[in-house]
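Here is the structure we will look at, set down as structure tokens.
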Amino acid sequence: MEKKKLDSHDLADELRKAADFLSGKKAFPLEGILCITPSYNQEFSCSLSYYTKDIFVEAVKAFGNSTKRYGTGAYANFYVTSTEMPLSLEICRDKVCRKITTYECDPLFSEDELKEL
């Protein structure tokens, strides 16, 4: 059975759900872009973007129960998604994480070769 295509009334319903969800939480600051998109499986998802770690952390604390996910690549984001509805808070991963690169090398010379140097 084919899923119904989403329309503007479906969007209005999702906005009401998001409004009810947010109204039930402690107020938190907004900083960036609000994005609401229908996905390939005809469900809506919504995200709020942040640029500042302190403001992001304040929003996450007010958000309540959620899951975390890390993106990868050049423009990797850190996502916190509510367990109650498809609403995420996101920030560039480099704002909240440290990237640590280490190298592990095999010895270039044997013990005997080192003695000869």
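Listed values, structure above:
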quantity	calculated
Helical mean residue ellipticity (222 nm; -39500 (n - 2.57) per DSSP H run of 4+; nearest 500) of the chain	-9000 deg cm²/dmol
Percent of beta bridges antiparallel (DSSP, the stretch 1-97, rounded to nearest 5)	75
The chain: relative contact order in percent, alpha carbon pairs under 8 Å with at least 6 residues between	20
Neighbour-count ranking [beta-carbon atoms within 10 angstrom, fewest first] of GLU111, GLU104	GLU104, GLU111
Virtual paramagnetic centre 7 Å along Cα→Cβ of ALA62, amide N under 12 Å, in the stretch 24-51	24-31
Rounded Å value of the spacing that divides the Cα centres of the stretch 73-117 and the stretch 15-55	28
Potential lengthening between LYS17 and ASN41 on full extension [0.36 nm per residue; Cα-Cα distance subtracted]	6.8 nm
Nearest-ten-degree value, helix 8-23 long axis tilted from longest Cα axis of the chain	70
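Taken together, the values in this text are just the output of simple stated rules run on the coordinates, not laboratory data. These numbers come from a predicted model, not from an experiment. Counting neighbours? That spans all protein chains shown, and the Cβs are built from the backbone with ideal geometry, glycine included.
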